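The values are calculated or read from the model by the stated rules, or taken from the named source; none is laboratory data. Every value quoted in this text rests on a predicted model; they were computed, and no experiment measured them. When we count neighbours, we look across all protein chains shown, and the Cβ atoms used for this are built from the backbone with ideal geometry, even at glycine.
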Amino acid sequence: MLFNSAEFLIFFPAVCLLYFVLPHRWRWALLLAASYYFYMSWRWEYIFIIVFSTGIDYFCGLQMMKQPTKKRRKPYLWLSLLSNLGILFTFKYYNFFATEVDKLAEALNIAYASPTLQWLLPMGISFYTFQTMSYSIDIYNDRIKAEKHLGIFALFVTFFPQLVAGPIERASNLLPQFRKHMHFSYENAVWGITKITYGFFKKVVVADRLAVYVDAVYSNPAGADSGTVILATFFFAVQIYCDFSGYSDIAIGCAKILGFDLMENFRRPYLAKSISEFWKRWHISLSTWFRDYCYIPLGGNRVVKWRWYYNLMITFLVSGFWHGAEWTFIIWGGLHGAYLVAAILLEKQVNAGARALGLYKIPKLNTLLNVLLTCGLAVFAWIFFRANNLPDALTIIQTALDFNFQLSLGALTAGTGSFNLVISVLVVGLLGLSYLLPYHLKLKYPRTFIVVTTMVIVLLGRNGDEFIYFQF
Amino acid sequence: METNSSISSFKRFALRFLLPTAIVLAGLCVLADWLVTEFVVFQNESSGAYKMHRLFDEQHPDEIPVLGSSRAAGSYMPEHIHYQCFNYGIEKTQYRLTSILLAEELAKDKTTPIIINFDYEFFREWFGNMAHFIPNLDQPALRAFAGERHRAFYELPAVRYYGVYDDYYKTWLAERTDKNYSSRGGFFLKAEVAPAAFAAMAKKRRNTPAGWDISPQQDSAWTELLSSTARPIFVVVAPYHSSYFEALRNLPVGQAYLAKLDSLPNVTVLDFGQTNYPDDHFMNTTHLGYTGAAAFSMELGTALKQRGY
C-alpha cells in the first residue's frame, strides 16, 4: 500500500478512529494488525520474512538480557546480526555477488555460472533489518532492556508509518511510546495533517514532476547536451530530496496524529555548509545509525589519522552499498567518504585561502560559497546514484564537462516538452518558497497552508512512480 | 476523565478544523473544476475531451464528422475536405470506441455523410488517455467503455482531473502557438522531421512486423453497425509511409476486408493508404505532417465532390 493511494486515504483514518476508540490495552494489537495489513497489501507472502526477523530478534533480545556479561551475550548478538544480514544478503546482495563471481570466473577463463535468485526485493527490508539490528546491539551494549511483550516488539519492527522507508527508529525512542496511553490531541492532529500535506506536496508536485525530465535524460545520456545533463542532475538532487523527505514527512505526520513521535529525517540538507553538516541533515536516521553502529565501533575519530580516514571511507562505502547492490551506489558512498577525508586533509589550506580572500570579513558570502560548494559536491555524487550503470554515469560526467551547450529548445527540454520544463522550474520555485515557512512547520495559520497546498497538489500533482527509497 | 478529554479534543478538531477546512476545500474544488472545464478543457477543439463532449452533448445537424484515431486527428484538415466537416479524431481510438462514437452519431437526426478513418490496427484493443474521458463520464456508454479504469475520485470536482491537468494545459497552449496549426478539431504539427531522423524511423518501421487482424465477432458487429443506417459512410484509409507496408505482413487480407466493406450499400471505401507521398509529407511512418495532411485532405475533398458532396 502506498501513501499516495486511495486505499491509504481510507485505511489511515479508519485506523486512527479505531485506535482512539479502543481501550489502551488493545491498541498495540490494532496497530500491529494494521501494520501487517499495510505490508501484506503489497505482497502477503513476504510478511513471513518480517515475522522471522521479529521472532529471531525477540528471542535474542530476551536471551541477552539473561546473560550477565557481554561475552555470554555475544552468541545471541551474532545470531541476530547474521539472521538479519543473511536475509538482507539473500534478497538484496546475492545476485550482485553472483554476477561479480561470474565476471571473475570469465576473466580467469573458468567455465562457471552462478545460480541466481529470481526473488523480488521485499519492500523495506533494508530499513526494518537495520532497525532490529540496532535493537539487538543496544541490548548487547546495555543501552536498553529487552522488550518482553512480543506484540509490542513486533509492532516496533513493523509500525506501518515508518516500515517501508524509515525513519529508522531506535528502540529507546519508539518502544516506550507504544506503552503510553495516547489521547487524541487537537494540536497533534493539526500538525500531523500539516506535515502530511507538505510531504505530499514534495512527493507528487515536485519529485514526480522532476522525475519526467530526469528519467528522459538518464535513460539516454548519450543523446543529451551539457546543459541538459547538468539540469537533469540538478533536478535529480531536488527530486530525491523531495521524494524521500516527502515520504518521511508523511510517515512522521501519520505517526503524530496517532500520538507517536518519530525522529526528524531531513533538515534542509542543501543548506549545509559542509559535507559533514550535510550528513547531519540528510537521512539523519541512517547516518546516525552508521555513526553509532559502524563508525564509532571502528574507532571513529579517536584513532590515528590514517585509521580515522579509513573508518570514514569504510562507513560511507558500506552506506553506499546499503542503498543498492550496484557499483554506482558504492562509488556514490565512496565519493562522500572521500569528500570528508579531503575536508579534513585540506582544512588548513581552505581556511588559509578563505582568510586570504577576506571571506571571513563577509560572513554571508562565506556561508553562501560554502553552501554552493557543498551542494555542488553532493549534486555531482548524485550522478552515480541515479545513473543506470557506471558507463552511463561516466557518459553523464563526460557530457557535462564537454561544455557542449546546444542552444535549442528541443535539446533543453530533453523531449519532455517546454510545458513540462516550465512547470518543473515552477515547482522548484514553490519548494524554495516553502522554505520561508518555519522549519518545524508549527504554523500560525495551518488551515490556510493545508488548503493552499492541497489545491496545489490537486492542480499540479502527478501520478508518479513509487517512492525512490522503496527500492532499498 | 482522559476519555472525555480525547472526545472533546476530537470534537474541537472535527468542528473547528476539519469541517471548515473540508468545506473551503470543497468550494475551491468546485470552482477550480468549473474554471478548468469551461475555460480550458472545453476550449480545446483538438482535445479528445472536447470532441467527446461535442459529439455527445451538442447538436450540429449539418456537420460531416470525421471519426478515427490520431491518424484521423492529424491527417484530415476539415476546411479542405468539406466546409461542414469536423475532425473528431482522438488518439488510440479504434474499433470499440469508434463504434460507441458512431452509434451516438447515428442516433442523431441527421442525413450528412460520415467519414471514418481506417487503420490496419483498427480492431486492436486500445484504450487511450483517460483525460479524454473524465469530463464525459456522465455518458453511460463512455463510462461503460472506461470499465475498470474508472475510479471513484473521477466523481469529485477538480480532484477528478488529478494527474491529467497537464494534458489539458498542454493542448490549450499548443492550440495557441504558431508552431502548430489547428482547425475544427484537426491538429497538425508544422515542424518538419529531419531527413536523417525520418530515415531512422523508416528503418525501425521496416524491422517492426505488423499484421492485419479481425475476429468474427468484431467483423459481425462492425458490419451490422455500418449497415444500420441509411447515412452514407466513407471508410477512408489515410496515407501511410511506404515503409509501413514493407512491415505489414498480410496487406491483401486487409484490402480484401476493405473491399467487403465497400460492398455494403451505404459504405464507400476510399483507399489513399498507398498514395506515394514523399517523406517530407509525413511526421512519422503512420502519421502525416502538416504538408501531407493538406495535400491528402484536398484529394479527399475532391473525391467527395466527385460523389456529390
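Quick notes on this one:
- Of all positions in the stretch B:35-53, at least one carries a residue that is closer than 30 Å to B:Leu102 by Cα and within 10 Å of chain A (Cβ to nearest Cβ).
- Check on A:Trp42, more than 14 Å from chain B (Cβ to nearest Cβ) and closer than 20 Å to B:Asn4 by Cα: no
- Restricting A:Lys273, A:Lys256 to residues that are in contact (Cβ under 8 Å) with a residue 60 or more places away in the chain and touching a Gly at 6+ places or on another chain (Cβ under 7 Å) narrows the list to A:Lys256.
- Checking each residue in the stretch A:97-119 for being surrounded by 10 or more Cβ atoms within 10 Å (Cβ to Cβ), farther than 22 Å from A:Gly324 by Cα and small (Gly, Ala, Ser) picks out A:Ala105, A:Ala113.
- Some residue of the stretch A:361-373 being in contact with a Lys or Arg (Cβ under 8 Å, 6 or more places away or on another chain), at pLDDT 90 or above and not hydrophobic (A, V, I, L, M, F, W, C): yes
- Residues in the stretch A:291-306 that are in a helix (DSSP H, G or I) and either at pLDDT below 95 or surrounded by 20 or more Cβ atoms within 10 Å (Cβ to Cβ) (or both): A:Tyr295, A:Lys305, A:Trp306.
- Checked across the stretch A:164-183, the condition of being among the β-branched types (Val, Ile, Thr), touching an Asp or Glu at 6+ places or on another chain (Cβ under 6 Å) and not in a helix (DSSP H, G or I) holds for no residue.
- Selection status of A:Asn265, crowded, with 20+ Cβ neighbours inside 10 Å and not in a helix (DSSP H, G or I): yes
- Condition met for A:Arg27 (within 14 Å of another protein chain (Cβ to nearest Cβ) and out of contact with any Cys (no Cβ under 7 Å at 6 or more places or on another chain)): yes
- Pairing residues of the stretch A:57-85 that are touching a residue at least 24 places away in the same chain (Cβ under 8 Å) with residues that are surrounded by fewer than 18 Cβ atoms within 10 Å (Cβ to Cβ), at Cβ distances under 6 Å and at least 6 apart in sequence or on separate chains, gives A:Tyr58/A:Leu150; A:Cys60/A:Leu79; A:Arg73/A:Gln67.
- Residue selected from the stretch A:344-366 under the condition surrounded by 11 or more Cβ atoms within 10 Å (Cβ to Cβ) and over 36 Å from the mean Cα position of the chain (by Cα), by the criterion farthest from A:Asn301 (Cα to Cα): A:Leu357
- Some residue of the stretch B:206-222 being outside any loop (DSSP other than H, G, I, E, B) and among the acidic types (Asp, Glu): yes
- Within the stretch A:21-51, the set of residues being aromatic (Phe, Trp, Tyr) and crowded, with 21+ Cβ neighbours inside 10 Å comprises A:Phe38, A:Tyr39.
- One residue alone among A:Leu433, A:Leu421, A:Leu426, A:Leu460 is under 17 Å from A:Val204 (Cα atoms), surrounded by fewer than 16 Cβ atoms within 10 Å (Cβ to Cβ) and within 14 Å of chain B (Cβ to nearest Cβ), and that residue is A:Leu426.
- Within the stretch B:5-30, the set of residues being more than 9 Å from chain A (Cβ to nearest Cβ) and surrounded by 13 or more Cβ atoms within 10 Å (Cβ to Cβ) comprises B:Ala14, B:Ala26, B:Val30.
- Those residues of the stretch B:199-230 which are acidic (Asp, Glu) and surrounded by 13 or more Cβ atoms within 10 Å (Cβ to Cβ), in sequence order: B:Asp213, B:Asp219
- Residues satisfying the stated conditions in the stretch A:220-235, i.e. in a helix (DSSP H, G or I) and either more than 13 Å from A:Ala393 (Cα to Cα) or hydroxyl-bearing (Ser, Thr, Tyr) (or both): A:Gly223, A:Ser226, A:Gly227, A:Thr228, A:Leu231, A:Thr233, A:Phe234, A:Phe235
- Under the condition of being within 15 Å of A:Gly333 (Cα to Cα) and assigned to a helix (DSSP H, G or I), the residues counted in the stretch A:376-398 number 12.
- As a summary of the residue check, B:Met130 satisfies the conditions (1) under 30 Å from B:Tyr95 (Cβ atoms); (2) of a type outside the set (S, T, N, Q); (3) in contact with a Phe, Trp or Tyr (Cβ under 7 Å, 6 or more places away or on another chain) except for the one numbered (3).
- Taking helices (runs of 4 or more DSSP H) as the structural unit, those lying wholly within the stretch A:1-76 and holding at least 2 residues that are among the β-branched types (Val, Ile, Thr) and in contact with a Ser or Thr (Cβ under 9 Å, 6 or more places away or on another chain) correspond to A:47-66.
- Answer residue from the stretch A:118-136, given it is among the small types (Gly, Ala, Ser) and more than 11 Å from A:Asp57 (Cβ to Cβ) and is modelled with the highest pLDDT among those: A:Ser126
Rundown of residues vs (1) within 14 Å of chain B (Cβ to nearest Cβ); (2) modelled with pLDDT under 95; (3) surrounded by 24 or more Cβ atoms within 10 Å (Cβ to Cβ), yes/no style:
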site: A:Asp138; (1), (2), (3): no, no, no
site: A:Phe156; (1), (2), (3): no, no, yes
site: A:Leu163; (1), (2), (3): no, yes, no
site: A:His181; (1), (2), (3): yes, yes, no
site: A:Ile193; (1), (2), (3): yes, no, no
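- Scanning the stretch A:350-401 for residues that are in contact (Cβ under 8 Å) with a residue 12 or more places away in the chain and aromatic (Phe, Trp, Tyr) turns up A:Phe380, A:Trp382, A:Phe384, A:Phe385.
- With respect to being over 24 Å from A:Gly86 (Cβ atoms), part of a loop (DSSP other than H, G, I, E, B), of a type in the set (A, V, I, L, M, F, W, C) and out of contact with any Pro (no Cβ under 8 Å at 6 or more places or on another chain), A:Ile110 fits the description.
- Residue match in the stretch A:218-241 (condition: hydroxyl-bearing (Ser, Thr, Tyr) and either in contact with a Gly (Cβ under 8 Å, 6 or more places away or on another chain) or under 30 Å from A:Phe184 (Cβ atoms) (or both)): no
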